[in-house]
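The values are calculated or read from the model by the stated rules, or taken from the named source; none is laboratory data. Quick caveat: nothing in here was measured; it's all calculated off a predicted structure. Here Cβ is always computed from backbone atoms with ideal geometry, including for glycine, and neighbour counts include all displayed protein chains.
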Amino acid sequence: MGKEKEVKFEEAISQLEDIVDRLETGDLTIDSAIDEFKKGIQLYNKCYKKIEETEGKIKLILEDGEGIVKESDFTNID
Amino acid sequence: MELKPLRVSELNSYIKKVLGSDPILNSIKIEGEISNFKHHYSGHMYFTLKDEKSRIKCVMFNGDNRSIDFSLEDGMKIVAEGYVSVYERDGCYQLYVKNIKKDGVGDLYIKYEKLKKQLEQEGLFNEINKKSINKYPKRIGVVTSSTGAAVRDIINVITRRNPTVDILIYSVHVQGIYAKNEICKGINHFNNREDIDTIIIGRGGGSIEELWSFNEEEVAREIYNSKIPIISAVGHETDFTIVDFVSDLRAPTPSAAGELAVEDIEFMKERLTNVNGLLIDSMNRLIQNQKEILYSYRRSRLFTEPIYYINQYKQRLDFQFKELITAKNTLLNNKKNKLENVRDKLTGLNPLSILERGFTYVEDNSKTIVKSVLNINEGNELLIHFKDGNVKAIVSEIQKKEEDYNG
């Protein structure tokens with residue numbers, strides 16, 4: 001049904017925004033600033049990949065009387 | 001052998017028997033619109049019931065129609081209970097009506113209002129229980145018919161706005177006797193999975209009867225108990241069903257549900273680009289600041305003219321040295337002066353200097369200096385010291401000075 005996507009987009013972009021806040025207040029040492037910046041770039045890349053490369057799947061679910069569930073690709077061309 | 005032909009009355013009588021022996025026709029409910037209504041002076045009511053294609057003659061006798069609590073008129077939609085039989089004299093079949101109710105649809109509105117009030121009082125519609133919708137879902141579950149415009153609209157809008165989202169369609173009947181249970185099972189199915197962020201339940205437009213499954217109490221409760229947020233998209237903008245009130249968010253149409261369920265990916269891209277820009281800008285600024293601090297140190301005099309600081313110290317040293325010398329001299333002079341003062345004083349006090357001025361001092365036998373005439377007697381031996389020698393003398397006479405009384 002598609003791989004489990006670990007970090008949600010909303011979480012990732014929020015973390016990114018937090019990092020920017022910390023960098024902008026400017027109280028960090030150069031070393032920790034570089035660390036945060038690296039993390040920020042990684043998060044950006046993750047998010048960007050999610051919205052550029054991932055393709056959503058559309059599936060049809062049919063459940064019968066006994067609760068047996070069948071999943072198949074949805075091909076409604078209506 | 002030829003059968004003898006029936007007479008008309010025999011035929012009509014036979015038809016009446018045939019109709020009378022049919023159990024369905026003997027007790028039947030018909031819905032339709034009234035036309036050609038006549039309330040006879042005899043008390044009997046004669047009218048026609050019709051639908052779009054067809055009509056049937058009806059009669060409601062005095063005894064049965066007395067209990068009707070509303071007035072009947074042409075155009076009114078009703079449900080008539082009774083039996084079908086033949087009016088033999090005219091050879092026509094008609095509906096003999098025993099009981100009339102206003103159109104079942106009216107009943108449905110009453111049922112709807114009643115259930116809505118009850119569930120509202122129970123708190124099922126309270127805003128405080130409504131969950132917020134995640135604008136960035138990974139997977140959406142849709143409970144709807146797998147055919148028709150609604151599912152197509154939902155899919156189109158979602159994939160247009162965010163093609164990365166997975167959509168699972170749980171196919172159900174959206175009207176009819178199976179609908180209610182299937183819809184509940186759909187909501188249940190998605191709740192039992194771990195991967196669904198949002199549920200959309202909906203269908204296209206229709207009459208109140210067609211939308212009725214979305215007014216069922218079981219469906220409302222299933223929605224209320226759902227752990228996953230639910231967006232309802234039932235019918236057109238003006239259709240409101242119980243499901244619309246109990247869901248976490250109502251969409252006026254299936255397409256609108258798609259818009260409410262996902263953020264537009266262009267907006268997400270913009271947000272991402274902005275925050276990335278801020279990230280790089282703020283890092284650059286930070287580095288720039290540090291550089292400037294460093295450069296300002298490099299420009300400082302400590303680096304460019306360190307001799308200045310050495311000269312400063314030199315100058316101080318010189319000054320202190322001068323001060324030291326001055327202080328020493330001052331101290332020395334003070335001591336000198338003091339010494340001179342003391343020496344002058346001493347000189348002044350030297351008894352021998354008195355002698356230079358012509359004074360003498362007198363000693364007696366015991367070498368004690370005599371200061372008063374009271375300490376000597378006539379005949380004493382005295383030694384008088386002059387600046388240039390001594391004289392031995394004997395006291396011949398003592399003359400005491402007069403005392404003065406000035407206190």
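Here region B:176-212 is the region considered, the condition is being in contact (Cβ under 8 Å) with a residue 40 or more places away in the chain and of a type in the set (Gly, Ala, Ser), and the residue that is farthest from B:Pro252 (Cα to Cα) is B:Gly186. Scanning region B:9-40 for residues that are in contact with a Ser or Thr (Cβ under 8 Å, 6 or more places away or on another chain) and farther than 23 Å from B:Glu52 by Cα yields B:Lys16, B:Leu19, B:Gly20. The single condition from (1) over 12 Å from the mean Cα position of the chain (by Cα); (2) facing chain B (nearest Cβ under 8 Å); (3) at pLDDT 90 or above that A:Gly26 fails is (3). Here the condition is being in a helix (DSSP H, G or I), among the charged types (D, E, K, R) and more than 14 Å from chain A (Cβ to nearest Cβ); of B:Glu340, B:Glu292, it holds for B:Glu340 alone. Do we have any residue at all in region B:134-151 that's touching a Pro at 6+ places or on another chain (Cβ under 8 Å) and closer than 24 Å to A:Ile51 by Cα? Within region B:134-151 (the criterion being touching a Pro at 6+ places or on another chain (Cβ under 8 Å) and closer than 24 Å to A:Ile51 by Cα), the answer is yes, since at least one residue qualifies. From the list B:Leu6, B:Leu95, B:Leu72, the lone residue that is among the aliphatic types (A, V, I, L, M), free of Cβ contacts under 8 Å to residues at least 40 places away in the same chain and touching a strand residue (DSSP E or B) at 6+ places or on another chain (Cβ under 7 Å) is B:Leu72. Filtering region B:273-290 for residues that are within 30 Å of B:Leu115 (Cα to Cα) and either touching a residue at least 24 places away in the same chain (Cβ under 8 Å) or surrounded by fewer than 18 Cβ atoms within 10 Å (Cβ to Cβ) (or both) leaves an empty set. Might you check whether a residue that is surrounded by 10 or more Cβ atoms within 10 Å (Cβ to Cβ) and touching a strand residue (DSSP E or B) at 6+ places or on another chain (Cβ under 6 Å) occurs anywhere in region B:333-349? No: zero hits.
Of the strands (runs of 3 or more DSSP E) lying entirely inside region B:41-145, those carrying at least 3 residues that are touching a helix residue (DSSP H, G or I) at 6+ places or on another chain (Cβ under 6 Å) are B:77-87, B:139-144. Within region A:33-66, if we keep just the residues that are part of a loop (DSSP other than H, G, I, E, B) and at the interface with another protein chain (Cβ under 8 Å from one of its Cβ atoms), the residue that is nearest to B:Ile169 (Cα to Cα) turns out to be A:Lys57. The residues of region B:229-249 that are closer than 19 Å to B:Arg152 by Cα and either surrounded by 20 or more Cβ atoms within 10 Å (Cβ to Cβ) or of a type in the set (Asp, Glu) (or both), listed by number, are B:Ile230, B:Ile231, B:Ser232, B:Ala233, B:Val234, B:Gly235, B:Glu237. Note on region B:160-196: residues that are within 10 Å of chain A (Cβ to nearest Cβ) and among the charged types (D, E, K, R) total 6. Counting only helices (runs of 4 or more DSSP H) wholly contained in region B:200-278, no element carries 3 or more residues that are outside the structural domain of B:Tyr136 (by TED's automatic domain parsing) and small (Gly, Ala, Ser).
Inclusion of B:Ser67 among residues that are modelled with pLDDT of 90 or more, within 16 Å of B:Tyr96 (Cβ to Cβ) and either surrounded by 13 or more Cβ atoms within 10 Å (Cβ to Cβ) or of a type outside the set (Asp, Glu) (or both) is not warranted.
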